[in-house]
Structures are given as C-alpha cells and as structure tokens.
C-alpha cells in the first residue's frame, strides 16, 4: 500500500516539484514507513515552501516522537495548535506533555492548564480524556484542589459510561492528587499517544485526501 502510494506521489513530483503539499505527502508516507530521516527531510522541505501546511507539522510530531526529540515535538505541536486552534488533537497532546512528561524541562503547569482548559471547553466538559488532562495540568501547576475536583468529575463520567479500565486508572490518579502528588506519564518519552491522532492520507495504495 505505502510503496504504491509513494510511487504515485514521486511521479507527481517528477512532473512538478513546486507543490508543498506533494512534498508533505511524500514525507508522510516515508514517516509511516519508519524512514524517519527521509520523512523529516521531505516534511521540512514542504514547510519551507509553505510554513502553514498543517499536515507537515502533524507528521513531524510523529517522526520526532519516534526519534525521541521532545523539544521538536513541542515546536511542531505549538505550530499545529496555532494553525488549527479548534483541533483538539494537538491541544490534547501538547497539554498532556506539559502536564505529565517525566523530564522536568518539558513540563509547564501554567501552559498545560491554559491548553487543557481550552481543550476541555471545546467538548463542553464532557470528554473523559480531556478532563483527565485538565486534572493532570492542575496538579502539575500545584492546584491540587482543582485537580481533585476535576478528577472526581471525570471518575463519575467514566463510571456512568461503564468503562471499568478507565475508572480504575482515574481512581489511581485521584489518589495521587489527593496525596498532593502530580501524575507522571511513564511512556512520555516514547509513546505519548503516538499515532492516535494522525491524519492518514492513503488507503489501499490510493490517495484519499489532499487536504493539508
């Protein structure tokens, strides 16, 4: 599938290499194949041609997560949030990273709360993942009272939704916040939701989207 899609985009680029979106598509395919260096190079070329190409920022987030370059992950998440302020996916990832990363230099409670509050409002306060992120952000900022309150509401929503695994996870975080302890994501440096939000542009070897 990816090989066919790559050949298709490369043929387009042979005819006309001046379109940023074509370079962005090739970068996405290479990143999906795990060819990080080549995928990063194509995505960066696309951004030099069009700095507002959202897909290229999204794809670079995935690539830099995989290479462990968290500072660059943050840079491209910030750009994605700037270009698509109502898209919850980059907001969620950036807020969660600032709230829970195991490395203190990447945590920022104030930014996490601002991002998570914006995120929480987008879904009308009813999204469980967003609520959990907001609670973690409050905890990182030192506001454990709000962290507990937010987490308690999230637990109620999870219980009402009949999700025992999530309820158990939320109860564990709630115990931490009541004890005055922030949450740390043990997979922050490697996974941090990797791939769960990406816009895949190809299906069965054919282009299905040319939207950046």
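The values are calculated or read from the model by the stated rules, or taken from the named source; none is laboratory data. All values derive from a computational prediction rather than experimental measurement. Glycine also receives a Cβ, built like all others from the backbone with ideal geometry; neighbour counts cover every protein chain displayed.
Quick rundown of the values:
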read-out	value
Residue in region 119-128 that is assigned to a helix (DSSP H, G or I), modelled with pLDDT of 95 or more and either surrounded by 18 or more Cβ atoms within 10 Å (Cβ to Cβ) or in contact with a strand residue (DSSP E or B) (Cβ under 7 Å, 6 or more places away or on another chain) (or both) present	no
Residues being out of contact with any helix residue (DSSP H, G or I) (no Cβ under 7 Å at 6 or more places or on another chain) and farther than 19 Å from residue 143 by Cβ - total across region 104-121	1
Lone qualifier among 66, 17 - being outside any helix (DSSP H, G or I) and surrounded by fewer than 19 Cβ atoms within 10 Å (Cβ to Cβ)	17
Residue in region 89-102 that is farther than 29 Å from residue 21 by Cα and not in a helix (DSSP H, G or I) present	yes
Test: residue in region 70-78 that is free of Cβ contacts under 8 Å to residues at least 24 places away in the same chain, surrounded by 21 or more Cβ atoms within 10 Å (Cβ to Cβ) and not assigned by TED's automatic domain parsing to the domain that holds residue 33	yes
Test result for residue 142, assigned by TED's automatic domain parsing to the domain that holds residue 174 and more than 22 Å from residue 179 (Cα to Cα)	no
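Here is a yes/no grid of residues against (1) touching a helix residue (DSSP H, G or I) at 6+ places or on another chain (Cβ under 7 Å); (2) without any contact (Cβ under 8 Å) to a residue 24 or more places away in the chain; (3) assigned to a helix (DSSP H, G or I); (4) surrounded by fewer than 19 Cβ atoms within 10 Å (Cβ to Cβ):
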| site | (1), (2), (3), (4) |
| --- | --- |
| 6 | yes, no, yes, no |
| 11 | no, yes, yes, yes |
| 24 | yes, no, yes, no |
| 28 | yes, no, yes, no |
| 38 | yes, yes, yes, yes |
| 41 | no, yes, yes, yes |
| 58 | yes, no, yes, no |
